[in-house]
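Report on the following structure.
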Amino acid sequence: DVVFTSKYMADEATADPNSDFMTGVKSVVATNPTTVTVTYSAPTANPYQFGTGGGNEILQKAQFEKCLGAKASECP
């Protein structure tokens, strides 16, 4: 779900209002069922900008997987 959320937020066609939280994020990888590694393209002052705090809710892939890209505006 975390990896899916990163793809959802980073997709420009989705037009997620919180896409700025993905600025500088190089990759988000599930390294095992309970661990996700977020890698930034450069050092960052706020390594917790993605995945924590308000506006960074993790989306359930099963619920939102049909809402990627331009389809996001059609989803309830």
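The values are calculated or read from the model by the stated rules, or taken from the named source; none is laboratory data. Predicted model, so just to flag it, every value in this text is computed and none were measured. Neighbour counts run over all protein chains shown; Cβ positions are idealised from the backbone, glycine included.
From Val25, Val2, Val36, which residue is surrounded by 14 or more Cβ atoms within 10 Å (Cβ to Cβ) and touching a Phe, Trp or Tyr at 6+ places or on another chain (Cβ under 7 Å)? Being surrounded by 14 or more Cβ atoms within 10 Å (Cβ to Cβ) and touching a Phe, Trp or Tyr at 6+ places or on another chain (Cβ under 7 Å) holds for just one of Val25, Val2, Val36, which is Val25. The set of residues in region 23-53 being assigned to a loop (DSSP other than H, G, I, E, B) and in contact (Cβ under 8 Å) with a residue 12 or more places away in the chain consists of Thr23, Gly24, Ser41, Ala42, Thr44, Gln49, Phe50, Gly51. The set of residues in region 5-22 being crowded, with 16+ Cβ neighbours inside 10 Å and in a helix (DSSP H, G or I) consists of Thr5, Ser6, Lys7, Tyr8, Met9, Ala10, Phe21, Met22.
Within the set Thr37, Thr31, Thr5, the sole residue that is polar (S, T, N, Q) and in contact with a Leu (Cβ under 7 Å, 6 or more places away or on another chain) turns out to be Thr5.
Pairing each residue of region 65-76 that is at pLDDT below 95 and surrounded by fewer than 10 Cβ atoms within 10 Å (Cβ to Cβ) with any residue that is not in a loop (DSSP other than H, G, I, E, B) and not acidic (Asp, Glu), provided the two are 6+ apart or on different chains, yields C-beta distances under 8 Å for Glu74/Cys67.
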